[in-house]
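Structure first, commentary second.
Values quoted throughout were computed directly from the atomic coordinates according to the rules given, and no laboratory measurement underlies them. Note that the coordinates shown come from a computational prediction; the quantities given were computed from them, not determined experimentally. When we count neighbours, we look across all protein chains shown, and the Cβ atoms used for this are built from the backbone with ideal geometry, even at glycine.
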Amino acid sequence: MQTDDRSKSNEFYTDCMRYFEALRKTGKQDYGFEDEFFYTMPAMSEKIVGGQ
């Protein structure tokens with residue numbers, strides 16, 4: 001179960017980084033998504049690390 005959670009988190013993180021990179025390349029911002037990402041990511045990481 002933990003491996004599946006970690007895999008999904010890694011996939012989510014990778015997708016987000018691709019999205020942020022695409023925004024940077026086009027000179028756009030998505031402040032709403034950035035706020036949610038930077039608020040959510042530490043909680044997701046803590047769940048994974050704490051669950052080991």
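Observations on the structure shown:
- Neighbour net charge for residue 34 - beta-carbon separation under 12 angstrom, K R +1, D E -1: -1
- Spin-label model, residue 10 to residue 33: label points 7 Å out along the Cα-to-beta-carbon direction sit 2.3 nm apart.
- Relative to the 2.2 N^0.38 Å rule of thumb, the stretch 2-44 has a C-alpha radius of gyration ratio of 1.27.
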